[in-house]
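What follows is calculated from the coordinates using simple rules that are stated; it is not laboratory data. Given the structure is predicted, the values throughout are model-derived calculations rather than measurements. Positions of Cβ are generated from backbone atoms using ideal geometry, with glycine treated the same way; all protein chains shown enter the neighbour counts.
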Amino acid sequence: MSAEILFVARDLALNVAAISALSFGLYFNRYHRRDYAVGFIAINISLFVVASVLTLSAEVTIGVGFALFAILSIVRLRSDEATWIEIGYTMVALVLGLVNGLPGPPFEMKLLLSGVLLAAMLVADHFAVLSPVRHQRCRVILESIVLDRAELSELLGRRLGGTVRHVSITEIDHVTEKMRLDVRYTADGTPPRPQDSAVARMDAHDRGAQAPGGSR
């Protein structure tokens with residue numbers, strides 16, 4: 001068995017350990033999405049094989065670099081459910097396969113870089129740093145039009161049971177008297193008040209009954 005094959009087998013063992021820790025130890029353990037975990041492994045191993053074959057069959061040149069970037073451009077997240085968290089894990093899976101597949105860096109450097117990537121994801125996506133229970137985003141359809149920002153934030157905070165950090169108005173429909181909002185808020189443990197929507201509808205009904213055209 002040639003020395004090159006032994007080196008590739010050693011790098012492959014490191015890559016398999018790193019991508020397994022990323023996919024199952026970090027991502028699947030936190031989000032329980034089997035499809036994404038399998039996708040991370042498939043992308044990582046495929047890129048590792050391509051990088052190893054290209055660099056073993058010829059010298060590492062600029063053309064090899066362009067070929068790798070052409071392969072990376074094919075990989076896209078086409079699911080509408082993909083978030084920036086999945087994109088981040090996908091990027092780390094790609095970089096792990098590329099770093100461990102190239103024969104240029106020494107094995108110690110590959111081991112260090114793989115550890116840095118895993119540690120970065122462990123800390124950055126740790127629930128103790130930014131809890132997904134407290135820091136949330138949702139899209140809200142409001143059955144009234146409120147243009148005052150302070151009043152709008154207060155209303156949304158009561159309904160969502162938290163402190164509104166940012167509100168983006170995506171659509172205002174003056175015909176149906178509705179607003180579509182993109183809200184980012186921090187949950188403070190206060191349960192939301194669903195009766196607010198009933199009150200809002202009741203107030204709208206009362207205003208219509210008190211209008212000049214609706215009075216008898």
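Once both labels are positioned 7 Å from their Cα atoms along Cα-to-Cβ, the gap between ALA124 and VAL167 label points is 3.2 nm. So what's the net charge close to PHE107: Lys and Arg +1, Asp and Glu -1, counting the other residues with Cβ under 10 Å from its Cβ? In short, 0. Could you compute the FRET efficiency for ARG149 and TYR31, with r as their C-beta to C-beta distance and R0 at 35 Å, rounded to 0.05? Efficiency at R0 = 35 Å is approximately 0.55. Applying 1/(1 + (r/R0)^6) with r as the Cβ-Cβ distance of THR83 and VAL116 and R0 = 25 angstrom yields a FRET efficiency of 0.60. The HN-Hα couplings worked out from phi for the stretch 3-10 by the Karplus form 6.51 cos²θ - 1.76 cosθ + 1.60 (θ = phi - 60°) are 5, 4, 5, 5, 5, 5, 5, 5 Hz, whole numbers, x standing for Gly and Pro. With a Förster radius of 35 Å applied to the beta-carbon distance between ALA13 and THR186, the computed FRET efficiency rounds to 0.20.
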